[in-house]
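Here's the structure, in structure tokens; my notes come after.
The values are calculated or read from the model by the stated rules, or taken from the named source; none is laboratory data. Since the model is a prediction, treat every value here as computed from it, not as a measurement. Heads up, the Cβs are rebuilt from the backbone with ideal geometry, glycines too, and the neighbour counts pull from every protein chain shown. The area values use the complete protein model at the heavy-atom level, side chains included, leaving out ligands, DNA and RNA. Shrake-Rupley method; radii C 1.70, N 1.55, O 1.52, S 1.80 Å.
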Amino acid sequence: MRVRLDRERPEGTNDYLGRDLAHRQRLRDEVMREFSMWGYESVETPIFEYVDTFTNGVHEGEETYFFRMFDALGRTLALRPEMTTPVARIVSTMFDQYDFPIRLAYDAKIYRSYTANPSDPIEATQTGIELIGAFAPEADAEMITIMIRTFKRIGVHDFVIAIGHMGLVRAILSSIDPVLAERLQSALIDKDQVRYLKICQENKNSINSELYNAIVQLPKMRGDIEVITSLAALTLPEEARKACEEMIALYAILTDYHVEDAIRFDLGLYLHHDYYTGIVVEAYAQALGQPIGLGGRYDRLLQRFGMDAPATGFALMIERLTEVIRKKPEAIPITTIHYDDVSRHEALAFSDWLRTKELRIICEPMTIDRHADRRKNISFHEIKHDAPSADAVIRVLQQHYVSYQKEQKGGNTSC
Amino acid sequence: MLTIAVAKGRIFEATIALLEQAGVGSQSLLLDSRKLILDDQEHQIRYLLAKPVDVPTYVTHGAADLGIVGKDVLHEANTDIHELVDLGFGYCQMVVAAPQGTVLSEVSQVATKYPRYARDFFRRQGRQIEIIDLHGSVELAPLIGLSDCIVDIVETGRTLKENGLVIIEKLAEISTRLVANRRSFQLKGKQIDDFVNRLHDATKGGSSH
């Protein structure tokens, strides 16, 4: 039997309505509001770009999961798999260095045609910011603090921001054979400490003996700032020493923001994308097994679009946040006022007036069958009737009606 | 409190012995019950006793903070979790086996419980061969002409021998691993590090004696 698809939605997508939608919308609004408080301006970009934009951007060699289509001239378009690249395109074409630093925020759906896990969504919502033209560690500290403040604003309790440093790891591994370094990086990306340790042990002789212990211990180096200070005490390659100093400076600024309790350093945190150049972050909440936000510094991306600028940013995953924050907003009630031929004129005008008082009103003829509806149905006659009603909603509307009438009279005399 | 999903089956008894030896689990509690959830008050650990293939799922979703499971199962699940320690037991090998005289370059069908291992191996050989998914007694397939060969784990090789199959290629060494959920790895970092260190010490102690 042929499966009917006309009544299904594509796998990996979702419909939202009612309180679920209100919940999502509230979170997105609150997150964007926090970003706005920090001086970030919203941007909106097309849902698709030329595929070249993405392959030039952060997705070199990752074209397999693009949703592609063609425009009328046969050029290939792709639905955006993330927002950092479109923002980089905007910044490099619509701004110049006099505008630095540039603070931009977005709230957008993103698409992947293929995900490693079949239950992962192909359509998801990311709300995030990019801070372009500002150097570490002040800019990174601002990012991390905004992330923390946003979680507090929307009511995420019991969360932690893990902070790693891609540049630091690369610098430490730069002292060994590049092929070996790449194998170790790949084990870090896969979070496979067993493989990492095995590669180290098998190649002990080709690893600088002074750094061997530091390299072996790298994925286990996590905790508070002592992790960084004790690493900095070793004899490190110049770049690695600088990166340690950057982390220590970052920590000092985060302390000034009073957010140091919400962070943990984790040198094993090594993200999949090689466009990250410096500090990287991942956010976790107790209520969910997967990260709820991630980001980091990408100082070389803008270069690819013809503008040399340091940059950092992060994105929050809205669908995951809706799972973390279970409390949904209360639905705002709707009242239906029914009229008949005699009362229609006045009922429509009164309903209009009620809406200006921020009441949700449906006004429709008595003949529409509403017996199965959960909404409050009231006949206009009951409101107009002088006798006080036992029903609270009717009593309120009666009071409104009295004020309405007064206003009408007052309005008439003044004309 | 840490929640640990433990794979029942092949590696279960060795797992419990190690937990007892590391001083983080109680052998009597874990062996004497048919319950699926066990709370070890003394060590502040909750155990979930699960089918091996389900352990990576529990850990990925964060229903368990940690999991103890074979690398064979882990590799097939291909999921995004931390692989922390090689626990040094439950050793076996992932192999290609076939009736005597089979030439690897001529096989065109493989029966297996491990499609990812099989696909990856033959792809590395430059071959995209037909994979027949089975869930048990894989050795049967070549005997009845369902496939030319199998990809399966081998501990002693006895089952292969009894069914007239020989190993024609070794794909990977398998052992038992400790894995962690990504959220728990960060939010329960200290507890997990302590647990890892104790298991680490116990595995070292075990192998040196």
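Kindly provide the GluC sites (Glu not before Pro) of the range A:1-95 that DSSP labels as loop, not H, G, I, E or B, and whose Cβ sees at most 15 other Cβ atoms within 10 Å.
Numbers: sites: A:8, A:11, A:30, A:34, A:41, A:44, A:49, A:60, A:62, A:63, A:82; in loops: A:8, A:11, A:44, A:60, A:62, A:82.
Taking the range A:1-95 and a limit of 15 other Cβ atoms within 10 Å, the loop GluC sites (Glu not before Pro) found are A:8, A:11, A:44, A:60, A:62.
Residue by residue, what Karplus-based ³J(HN,Hα) values in Hz, rounded to whole numbers, does the range A:318-323 have, using 6.51, -1.76 and 1.60 with θ = phi - 60° and x for Gly and Pro?
5, 4, 6, 5, 5, 6
For the pair residue B:201 and residue A:113, how long in nm is the line joining their label points, each one 7 Å along Cα→Cβ?
Between residue B:201 and residue A:113, the label points sit 5.4 nm apart.
At 7 Å along the Cα-to-beta-carbon direction for both residue A:75 and residue B:106, put a label point, then send me their distance in nm to one decimal.
Computed distance between label sites residue A:75 and residue B:106 equals 5.5 nm.
Give the accessible area for residue B:200 in Å² (nearest 10); use a 1.4 Å probe, count only protein heavy atoms, and leave out ligands, DNA and RNA.
Counting only protein heavy atoms, residue B:200 exposes about 50 Å² to solvent.
According to the square roots a ≥ b ≥ c of the eigenvalues of the Cα gyration tensor, what is the shape class of chain A, taking rounded for a/c under 1.5, prolate for a/b larger than b/c otherwise, and oblate for the remainder? Kindly include the intermediate steps, with their values, before the conclusion.
Details: a/c = 2.57, a/b = 2.26, b/c = 1.14.
Since a/c reaches 1.5 and a/b is larger than b/c, the shape of chain A is classed as prolate.
How high is the relative contact order of chain A, given as a whole-number percent (alpha carbon pairs under 8 Å, six or more residues apart)? Working shown, then result.
Working: 638 pairs, mean separation 70.1, N = 415.
It comes to 17 percent, rounded to a whole number.
Could you pull out the GluC sites (Glu not before Pro) across the range B:1-77 that fall in loop regions by DSSP (anything but H, G, I, E, B) with no more than 15 other Cβ atoms inside 10 Å?
Values: sites: B:13, B:20, B:42, B:76; in loops: B:42.
Counting only loop positions with at most 15 other Cβ atoms within 10 Å, the GluC sites (Glu not before Pro) in the range B:1-77 are B:42.
Mind checking the angle between helix A:392-414 and chain A's longest principal axis? C-alpha axes, 0 to 90 degrees, to the nearest 10.
Helix A:392-414 sits at roughly 70 degrees to that axis.
Of A:353, A:307, A:329, which is farthest on the positive side of the dipole of the range A:296-356, counting Cα position, with +1 on Lys and Arg Cβ, -1 on Asp and Glu Cβ, and the Cα centre as origin?
After comparing all options, I get A:307.
Compute the accessible area per residue over the range A:18-324, keeping the other protein chains in place, probe 1.4 Å, unit Å². Write out the running numbers ahead of the final one.
Working: 13120 Å² over 307 residues.
On a per-residue basis, 43 Å².
Can you tell me how much longer the chain between residue A:217 and residue A:186 gets when fully stretched, taken as 0.36 nm per residue apart minus their C-alpha distance, in nm with one decimal? If you can, show how the numbers build up before the last one.
Numbers: separation 31, 0.36 × 31 = 11.16 nm, distance 1.60 nm.
Full extension from residue A:217 to residue A:186 adds 9.6 nm.
About the Cα centre of the range A:1-157, how large is the charge dipole given +1 on each Lys and Arg Cβ and -1 on each Asp and Glu Cβ? Please answer in debye to the nearest 20. Working shown, then result.
Working: 19 positive and 26 negative charges, 148 e Å.
Here the range A:1-157 has a charge dipole of around 720 debye.
Compute the acute angle (0 to 90°) between the alpha-carbon long axis of helix A:84-94 and the principal axis of greatest extent of the alpha-carbon atoms of chain A; round to the nearest 10°.
90 degrees
Where both residues lie in the protein assembly as shown, what percent of DSSP beta bridges are antiparallel, nearest 5? Don't jump to the answer; show the numbers that get you there.
On the way: 67 of 99 bridges.
Close to 70 percent.
Arrange the residues A:151, B:12 by how much accessible surface each exposes, largest first, with a 1.4 angstrom probe. Show your work: numbers first, answer last.
Values: A:151 0, B:12 25 Å².
The ranking, largest first, comes out as B:12, A:151.
How would A:273, A:381 rank on accessible area, largest to smallest, probe 1.4 Å? Walk me through the numbers on the way to the answer.
Working: A:273 35, A:381 85 Å².
Of A:273, A:381, the descending order of accessible area is A:381, A:273.
Name the residues of the range A:216-254 whose accessible area, probed at 1.4 Å, falls by at least 20 Å² once all protein chains are in place instead of their chain on its own?
Checking the loss per residue gives A:220, A:222.
Label-point separation (nm) for residue A:2 and residue A:330, each offset 7 Å from Cα along Cα-to-Cβ?
The answer from the label model is 5.1 nm.
Using only the heavy atoms of the protein chains and a 1.4 Å probe, how would B:130, A:260 rank by accessible area, largest first?
Working: B:130 100, A:260 50 Å².
Final ranking, largest accessible area leading: B:130, A:260.
What does the net charge come to around residue A:106 if you take all other residues with beta carbon closer than 13 Å to its beta carbon, with K and R at +1 and D and E at -1? Write out the running numbers ahead of the final one.
Values: positive: A:28, A:80, A:89, A:103, A:109; negative: A:41, A:44, A:82, A:107, A:130.
Its environment carries a net charge of 0.
Anyone know which of B:146, B:165, B:178 comes out most mobile in the 10 Å Cα GNM of chain B?
Residue with maximal mean-square fluctuation among B:146, B:165, B:178: B:146.
Answer with one residue from A:135, A:21, B:115: the one whose Cα lies farthest towards the positive end of the charge dipole of the protein assembly as shown, charges on Cβ with Lys, Arg +1 and Asp, Glu -1.
After comparing all options, I get A:21.
Can you tell me which of B:135, B:75, B:61 moves the most in a GNM of chain B? Springs connect C-alpha atoms under 10 Å apart.
B:135
Could you give the dipole magnitude of the protein assembly as shown about its Cα centre, charging the beta-carbon of Lys and Arg +1 and that of Asp and Glu -1, in debye to the nearest 20? The partial results should precede the final answer.
Working: 72 positive and 89 negative charges, 247 e Å.
Magnitude of the dipole: close to 1180 debye.
Please determine, in degrees from 0 to 90 and to the nearest 10, the orientation of helix B:189-208 with respect to the longest principal axis defined by the Cα atoms of chain B, where the helix direction is its Cα long axis.
Rounded to the nearest ten degrees, it is 60.
Please turn the phi angles of the range A:309-317 into ³J(HN,Hα) values with the Karplus equation 6.51 cos²θ - 1.76 cosθ + 1.60 (θ = phi - 60°), one per residue in order, whole Hz, x for glycine and proline.
7, x, 7, 8, x, 8, 10, 9, 8
Nearest 100 Å² is fine: what is the total accessible surface buried where chains A and B meet, probe 1.4 Å?
Values: alone 22550 and 10980 Å², together 31560 Å².
Chain pair A/B: roughly 2000 Å² of buried accessible area.
Under a GNM of chain A (C-alpha, springs under 10 Å), which listed residue has the highest mean-square fluctuation: A:401, A:111, A:196?
Maximum among the listed residues: A:401.
Count neighbours as other Cβ atoms within 10 Å of each site's Cβ, and list the trypsin sites (Lys or Arg not before Pro) in the range A:16-105 that are DSSP loop with at most 15 such neighbours.
Values: sites: A:19, A:24, A:26, A:28, A:33, A:68, A:75, A:89, A:103; in loops: A:75.
Here the trypsin sites (Lys or Arg not before Pro) that fit, given the DSSP loop and packing criteria, are A:75.
Pull out the extension gain between residue A:389 and residue A:352, defined as 0.36 nm times the separation in residues minus the alpha carbon to alpha carbon distance; nm, one decimal. Before the final figure, lay out each step's value.
On the way: separation 37, 0.36 × 37 = 13.32 nm, distance 2.27 nm.
Contour length minus the Cα-Cα distance gives 11.1 nm.
In percent, what relative contact order does chain B have, based on Cα pairs under 8 Å that are 6 or more apart in sequence? Please report the intermediate quantities before stating the final value.
Details: 403 pairs, mean separation 57.7, N = 209.
Normalised by residue count, the contact order of chain B is 28 percent.
Charges only on Cβ, +1 for Lys and Arg, -1 for Asp and Glu: so what's the dipole of chain B about the Cα centre, in debye to the nearest 20? Intermediate results must be reported in sequence, preceding the final value.
Working: 23 positive and 27 negative charges, 57 e Å.
Taking the Cα centre of chain B as origin, the dipole is about 280 debye.
With every protein chain left in place and a probe of 1.4 Å, what is the accessible surface of residue A:148, to the nearest 10 Å²?
In the full protein context, residue A:148 sits at about 0 Å².
Among A:237, A:213, A:175, which residue has its Cα positioned farthest towards the positive end of the charge dipole of the range A:18-324, with +1 placed on the Cβ of Lys and Arg, -1 on the Cβ of Asp and Glu, and the dipole taken about the Cα centre?
A:213
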